[in-house]
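For reference, the structure discussed in these notes is given below.
Just so it is clear, none of the values below were taken in a lab; they were calculated from the coordinates. The shown structure was predicted, so the numbers you read here are calculated from the model rather than taken from an experiment. Every residue, glycine as well, gets a Cβ built from its backbone with ideal geometry; the counts of neighbours run over all protein chains shown.
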Amino acid sequence: MAEMNAISRFFVNRSAARRSARRYRWIRENVTIPSGAVCLEIGCGNGQLAVRFVDGFQPAKYIATDIDPRQLEEARRTLTARYPQGNPSALELRAADMLGLPFADSSFDVVLAFVALHHAGPAHRDFSRVPEALTGIDRVLRPGGFLLYSEIFHKEPIRRWLTDHGYSIGGVQRRWRLESVAARKRAAPS
């Protein structure tokens with residue numbers, strides 16, 4: 001996965017506050033975030049969703065990641081503006097590639113990937129590496145945890161991969177070409 005080009009970066013950062021507000025509302029309406037949740041955001045962009053999520057849900061830990069150093073710099077600016085006295089202790093910003101997530105198995109209760117999964121491939125319409133990204137997400141997500149994502153490409157193949165791997169699909173919202181999904185990983189047997 002490579003850095004975004006200038007045009008993609010423009011669209012990611014343009015109107016980010018409104019998009020993040022919509023995503024946050026959608027999450028609130030479709031998922032009960034467990035108290036003390038440990039969360040991972042893949043492709044945090046300028047950090048707007050991280051701010052809303054941390055302020056609203058108050059997770060125990062929220063790690064916002066992006067592979068693009070320019071996006072991480074945008075996120076740092078957003079966090080500095082929102083938290084001038086310093087970030088909340090629960091919020092961490094890190095560089096990470098979804099194709100090689102540097103986290104232990106079953107470390108997260110919630111993984112968020114909003115319009116990020118299609119960036120796993122060498123080109124947006126190339127699905128070839130998306131299953132690898134999903135496998136990595138599945139590895140770091142705890143049984144019973146949630147993958148919350150939106151996509152404009154590969155919608156059906158992603159949902160099929162998830163159901164084939166034991167996820168239940170819920171909270172599906174379609175808006176223009178965008179599809180948002182709350183996928184729950186099968187809980188561990190009791």
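Quote the relative contact order of the chain in percent (integer), defining contacts as alpha-carbon pairs under 8 Å separated by 6+ residues.
Once normalised by length, the contact order is 19 percent.
Would you calculate a helix-derived [θ] at 222 nm for the chain, using -39,500 (n - 2.57) for each DSSP H run of n ≥ 4 and dividing by the full residue count, to the nearest 500? All intermediate terms of the calculation are to be shown ahead of the outcome.
Working: 6 runs with 68 residues, N = 190.
So the helix-based figure for the chain works out to -11000 deg cm²/dmol.
Return the single residue from Arg82, Arg142, Arg159 with maximal mean-square fluctuation; model: Gaussian network over the chain, springs between Cα atoms under 10 Å.
Of the options given, Arg82 has the highest mean-square fluctuation.
Could you check the simple spin-label distance between Arg160 and Glu132, using points 7 Å along Cα→Cβ, in nm with one decimal?
Computed distance between label sites Arg160 and Glu132 equals 2.1 nm.
Lys/Arg Cβ at +1, Asp/Glu Cβ at -1, dipole of the chain taken about the Cα centre: which of Phe127, Leu112, Met98 is farthest positive-ward?
Among Phe127, Leu112, Met98, the one farthest towards the positive end of the dipole of the chain is Leu112.
What full-extension length gain, to one decimal in nm, is calculated for Val172 and Arg25 as 0.36 nm per residue of separation minus the Cα-Cα distance?
Working it through step by step, the gained length comes to 51.6 nm.
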